[in-house]
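To start, the structure under review is shown below, and the notes come after it.
The values are calculated or read from the model by the stated rules, or taken from the named source; none is laboratory data. Because the structure is predicted, anything quoted here is derived from the model rather than measured. Every residue, glycine among them, receives a Cβ derived from its backbone with ideal geometry; neighbour counts consider all protein chains shown. Ligands, DNA and RNA are stripped out before the accessible areas are found, and what is left, the full protein with its side chains, is counted by its heavy atoms. Shrake-Rupley method; radii C 1.70, N 1.55, O 1.52, S 1.80 Å.
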Amino acid sequence: MPSRNIQLYNPLKALKLKRLLLPFILPLLLLPQLSMAAAPLQSNFIMGLDIQGQRLNLYDGCPEGYVSCDDMLLVAPDLARMAFAAPAEKGLNISPYTIKLYPARTKHSLCKDGVTSCGFQGYSFDGEDINGFINTASHEIWITSNWTDDSQTLPYQESSTYLPLVSRAGLIDSLYDKANKALNINYQGTRKEVKRIYGQDNADALKDEQLNWIIERSKDCGADDKHLPRTQAEKVCFIQKNNSRMEAYFLWID
């Protein structure tokens, strides 16, 4: 009878393997136990929504060709805080933006039979503190509180660019570094051109406006007292703000 290679359980080896796998397993363990929600993977990504620099990602877990879908997920910074926080709370000493997962689904009008789905209307989602609706026709998100009568309508811009908000921290760090580098290069070049064309006073005015813009970016996105982002959500917001800011530099030259 041929001999078999029997490998005894090695607790040290098992612990080492667990540590190697932990960075890949941990993001999945951190996700809530959502029985009906697509996994927040790039392959499931269908739409990005940008609201005042903050990014929301919508994921779809239904097979291709579906009419309606209940297996969806909206990944976003805390929408209750975004929609209902008082202006006085939007300073630099507030806690970092946390990422929350909202189960979502398509919403259709019903046909004459009262059962069959007809016209597509958008996406509805819900959470512990809020529920809402994404109106793709008007590019607005309607958010209502589950505890009060408060409601809010926030306009959004649709984006096909994938900026993950859970796991893949390395990708976000890389995009954040590139956005900062590009912003600094554009700022230095724009200020130099403004000085050459319009003089030192206008160059100084651009510098002052840039400092004020940095303060406002920190208030909108969340940041520490040195105006640096603390979480992935805040870094993603910085990326969005940086890209928009570079477009505004052309106004100074024109």
**Q.** So P164, is it touching a residue at least 40 places away in the same chain (Cβ under 8 Å), out of contact with any Asp or Glu (no Cβ under 7 Å at 6 or more places or on another chain), open to solvent by less than 60 Å² (accessible area, probe 1.4 Å) and under 28 Å from A137 (Cα atoms)
**A.** yes
Q: For segment 49-91, name all the residues that are more than 14 Å from A104 (Cα to Cα) and modelled with pLDDT of 95 or more.
A: L49
Q | Meets criteria (within 25 Å of S43 (Cβ to Cβ) and in a strand (DSSP E or B)) for F125 | A | yes
Q. Name the residues in segment 207-246 that are exposed (fewer than 15 other Cβ atoms within 10 Å of the Cβ) and in a loop (DSSP other than H, G, I, E, B), would you?
A. D224, D225, K226, L228, R230
Q: Determine whether A169 is closer than 27 Å to E128 by Cβ and modelled with pLDDT under 90.
A: yes
Q) Considering A203, A179, A137, A104, which residue is closer than 28 Å to L79 by Cα, of a type in the set (A, V, I, L, M, F, W, C) and in contact with a helix residue (DSSP H, G or I) (Cβ under 7 Å, 6 or more places away or on another chain)? A) A179
Q | Of the criteria (1) assigned to a strand (DSSP E or B); (2) under 25 Å from K235 (Cα atoms), which one I172 fails | A | (1)
Q | Matching residues in segment 154-164 - criterion: being outside any strand (DSSP E or B) and among the hydroxyl-bearing types (S, T, Y) | A | Y156, S160, T161, Y162
Q | Single match in S167, S138 (criterion: under 30 Å from A248 (Cα atoms), small (G, A, S) and part of a loop (DSSP other than H, G, I, E, B)) | A | S138
(Q) Looking only at segment 127-158, how many residues end up being within 22 Å of S109 (Cβ to Cβ) and hydrophobic (A, V, I, L, M, F, W, C)? (A) 6
Q | Residues satisfying the stated conditions in segment 36-65, i.e. open to solvent by 20 Å² or more (accessible area, probe 1.4 Å) and in contact with a Ser or Thr (Cβ under 6 Å, 6 or more places away or on another chain) | A | D50
(Q) Which of the numbered conditions does K112 fail, given that it passes all the others? Conditions: (1) open to solvent by 60 Å² or more (accessible area, probe 1.4 Å); (2) in contact with a strand residue (DSSP E or B) (Cβ under 8 Å, 6 or more places away or on another chain). (A) (2)
